[in-house]
Amino acid sequence: MKTEILPLNSSSAKKAAELIHSGNVVAFPTETVYGLGASVFDKEAVKKIFAAKGRPADNPLIVHVASKDKICTVASEIPKKAQIAIDTFMPGPITVVLPKRKEISPLVTGGKDTVGVRIPEHKLARMFLEECDCPIPAPSANSSTKPSPTTAKHVFDDLNGKIPLILDGGACLGGVESTVISFCTETPTLLRPGLITLEMLRDALGEVDVHPSVLENCKVDSVASPGMKYKHYSPKARVIIVSGSAETVCSLYDSALELSKRPVILWNEKDKDVLGSRAHYWLIEHNCISSAARNLFALLRQVDDEGFDTVFITAVDKKDEGLSVMNRMLRASAFTVLDDSSSLQDLKTALQING
Ligand code: TXA
Ligand code: MG
């Protein structure tokens, strides 16, 4: 199959809607990451999403709608707190998990009786959704386990030949996927942190629980958020988080070089003087954590393109947007964290070098 890339405008949105109505999948931009959508009412098309991505069938899809009045076409009930979240944060980078309507196939919800609903803030994404005139289930438009795509080129790199059309809306400004919060638990529960932060949610809703999988490698109750149990966001290179001083990062880099690795550091621009000639990219620009969210996935892809095999990333504070950045970094590193007390042997273990 030939994969076409078209700039997203009213005529390409019409073409995309026609493809959706004839049983195809289409990739489209949002303010967070690119999504891969199909009609919610077309089971064969929904199966094509899972096939193109190589996604496990029990991992539910987020259903996208163009406006608030459409939420009830997907959800059977909107609890009071969920309504507050909808009024406060939507359209925006947030997904609310609600009881599902029976018309929504279990194929979409990974067999669950709940459904995640999202209204993107991205105006062109909403134009595409309006043109489709049906709810659009859409996971991130990457191959399963790869970092989520934040440009049309990332989508093309993963799905070329597997999907007919990518709508190009330029680079995504958010860069990490939406916040996922469930209103199907007694207290609202944060399942995946994003740019609508835990602090913002607690300000608006009062008490909000945090699912343990947000920061832990949690295999036990993965049922609440199936997406969190799978390997995620990984480049080919080995990712190691360093929760320590700038000197520690540099000395780990030097040791990796001596071990014949090709390391690179994802770094805070403000600490540039410590780096010397070590290979690096700026993860955090102008000391602003939102830039880390915007840059992380694109940099994880770039390190592979440039042939680096070891990536050191400095840990960030888990507050505000930092929680979503750490959540993605921990998964990309398979929860591998070194610190000031780590030895050469710890580094070898992290790099899976024997002896
Ligand atoms: O920003 C985003 O959310 C992007 C764009 C395209 O909208 N979409 C996205 O979808 O990131 P995906 O499929 O890559 O991630 C969906 C996450 C998964 O972790 C999944 O388990 C969780 O949301 N999820 C979806 N429906 C759920 C449900 N009913 N209950 C619990 N978790 C759910
Ligand atoms: Mg995804």
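Bear in mind that the values in this text are calculations on the coordinates, not laboratory data. Every value quoted in this text rests on a predicted model; they were computed, and no experiment measured them. No Cβ is skipped: glycine too gets one built from the backbone with ideal geometry, and neighbour counts run over all protein chains shown.
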*What is the spread of the Cα atoms of the chain along each of their three principal axes, largest first, in whole Å?*
58, 48, 37
*Normalised by the number of residues in the stretch 238-350, what is the relative contact order in percent for Cα pairs under 8 Å and 6+ residues apart?*
40 percent
*Across the stretch 182-189, in residue order, what do the Karplus-derived ³J(HN,Hα) couplings come to in whole Hz, using 6.51 cos²θ - 1.76 cosθ + 1.60 with θ = phi - 60° and x for Gly and Pro?*
9, 10, 9, 10, 4, 9, x, 10
*Estimated 222 nm signal from helices in the chain, with DSSP H stretches of n ≥ 4 weighted -39500 (n - 2.57), rounded to 500*: -9000 deg cm²/dmol
_Neighbourhood charge, 13 Å Cβ-Cβ cut-off, centred on THR3 and excluding it, Lys, Arg +1 and Asp, Glu -1_ = -1
*Just check the stretch 105-148 against the gyration tensor rule for me: Cα atoms, a ≥ b ≥ c as the square roots of the eigenvalues, rounded for a/c under 1.5, and otherwise prolate or oblate depending on whether a/b exceeds b/c.*
oblate
*Kindly provide the GluC sites (Glu not before Pro) of the stretch 284-355 that DSSP labels as loop, not H, G, I, E or B, and whose Cβ sees at most 14 other Cβ atoms within 10 Å.*
GLU306
*Degrees separating the helix 246-258 axis from the principal Cα axis of the chain, which is the longest one*: 80 degrees
*Apply the Karplus parameterisation 6.51 cos²θ - 1.76 cosθ + 1.60, with θ equal to phi minus 60°, to every residue of the stretch 342-355 and state each ³J(HN,Hα) to the nearest whole Hz, in sequence, with x for glycine and proline.*
5, 9, 4, 5, 4, 5, 4, 4, 4, 8, 6, 9, 7, x
*Of ALA85, PHE335, LEU167, whose Cα points farthest to the positive end of the dipole of the chain (charges on the beta-carbon: +1 Lys, Arg; -1 Asp, Glu; origin at the Cα centre)?*
LEU167
_Net charge contributed by nearby residues that have their C-beta within less than 13 Å of ARG202 (K/R +1, D/E -1)_ = -3
*Which whole-number percentage describes the relative contact order of the stretch 4-214, with Cα contacts under 8 Å and a sequence gap of 6 or more?*
30 percent
*Degrees between helix 289-305 axis and first principal axis of the chain (Cα, 0 to 90, nearest 10)*: 80 degrees
*Local electrostatic count at GLN352 - Lys and Arg +1, Asp and Glu -1, tallied over other residues with Cβ under 14 Å*: +2
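How many percent of DSSP beta bridges within the chain run antiparallel, rounded to 5? Provide the component values of the computation, followed by the final result.
Values: 16 of 47 bridges.
Around 35 percent antiparallel, to the nearest 5.
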*Relative to the longest principal axis of the C-alpha atoms of the chain, give the angle of the C-alpha long axis of helix 123-132, reported between 0 and 90° and rounded to the nearest 10°.*
40 degrees
*Quick one: which residues, 5 or more positions from ILE5 or on another chain, have an amide H under 5 Å from its amide H? H modelled 1.01 Å from N in the peptide plane, none for Pro or chain starts.*
ILE166
_Proximal aspartates and glutamates relative to LYS146, as straight alpha-carbon distance under 14 Å, when same-chain residues fewer than 8 apart are discounted_ = ASP157, ASP158, GLU177, ASP304, ASP305
